[in-house]
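What follows is a set of notes on a single structure, which appears directly below.
Derivation of every value follows stated rules applied to the coordinates shown; laboratory data play no part. Just so it is clear, the model here is predicted, and its values are computed rather than measured. Cβ coordinates were reconstructed from backbone atoms using ideal geometry, including for glycine residues, and neighbour counts include every protein chain displayed.
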Amino acid sequence: MRLSHFLAQTPNNTTTEPIRIFVATWNVGGKAPTAELNLDDFLPPDDHSDIYVLGFQEIVPLNAGNVLVIEDNEPAARWLVLINQALNRPAETDANVFQHEPSPSVDSTASRASSSLDASFSDIAKTSSSSTIFQKSYLKSIRKSFMPVQRKRLKACNCPVEMAKSSYRDACFGCPKAYAYEIDSSEEDEQEEKKEKSRDSSGSAHGEVISAPTTRDQLKYNLIACKQMVGIFVTVWVKKELVQHIGHLRTSCIGRGILGCLGNKGCISVSMTLHQTSFCFICSHLASGQKEGDEFRRNSDVLEILRLTLFSRICRRSVRKIPEKILEHDKVIWFGDLNYRIALNYADTKKFLMENNWNALFERDQLKIERDAGRVFKGWNEGKIYFAPTYKYSYNSDAYASETTTSKKKRRTPAWCDRILWRGDGIVQLSYYRGESRFSDHRPVCGTFIVEVEVLNRKAKMRQSNANMKIGAEELLPQDKNKDKGSSRSMNSPKIS
């Protein structure tokens, strides 16, 4: 059910507008990034999408300490700083990014940014050696510095409201809690804004140096969602001018690892609305293994994620149709290390690899086989694969690890483990490719999409604004029950002649 269905069924309430979404997934093999890591193979500097959805797997080693004891937040903080540096690079750097000889001003800007990045990473490293509580508060501080000041509004209900009172009680702002939030939060937001401005001028709460640009006014992209579950880490960045149209922001985590519930495997899902269209982004790391039958464990992970994922209800009324399950959203994009392998022996796989015969290899791709059989991702879409398998590489090498491994037991047949799929109308994939960074034993996989979003037209916006004002006035007026009863009695009493 589209959010626009909350509007009265009058013609031309909404129009559609295209937005560009960039989605990327990368299993980084438990390695924390350094300040020198170049993200151009993960975040192309010439992309300029409206929304960036970035998912990682294994941002920490999947050892017993990280899975069972405590979550290491240091790598997540490092990735946030690097991503911000890439997305919010100064304009002069963007303009000259492909020049072989940068101008002095660009070189100077790059030098300042590099110095700031080094300082950020140095502070993160110092914090990681202190208590875990302080480490978590440090990550929270970094995260807040990239988020909009009024970030709490992202989680609020922003559904349209009808002019007629009988209609608005079935709309989202008919929910007293949601409407009260919009009134009560203004003072809180003002206080938060003052605090943030103070931090921008005097440094952040922990004295960290965040890479330029350092103030929110200079950010082209705001971080709106950021969540870690052991090794899975997802971030969503939105163009500054679109942030005001984001609502109903929620996250959900499902563990599918040890004992079928721990977070070394599983997913993080992000639900949100943009204008009148609902989105769900799922970043997952499914069951590993290349033995025959392991693909059914991955199928089971997908089915359980779809069954168990439940987003909290922001609008408390029983008639609410804001999506709570993954498949209820208008647009859904699923990405991550899905771990599906190629159902061929190593010798045959190597032969097709040498020939760059992707079509022959793809015919034996487990995910394709399972989808064709209707056992998983039925009704979903995936772009044509024109790139080599993304796993498993030797570190800092273009050679597959299988070429240097003598033990057949440890040999991993190359496979397209890292994938992006989508579901919903009005989604067109513009590109589907892999990056060539040697940082990990996986190559990153990226996709860009043009997505149709329903937007209230000018007349509908005016009706919504008027309805909001009318509801606000009526809610604030005192109700005199005795007066109502008196009116009722006078209407029913006989006339005295």
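Observations, loosely collected:
- Among the trypsin sites (Lys or Arg not before Pro) within region 351-452, those in coil by DSSP and having at most 12 neighbouring Cβ atoms inside 10 Å are Lys378, Lys384, Lys408, Lys409, Lys410.
- Region 314-394, relative contact order [Cα under 8 Å, separation at least 6], %: 23 percent
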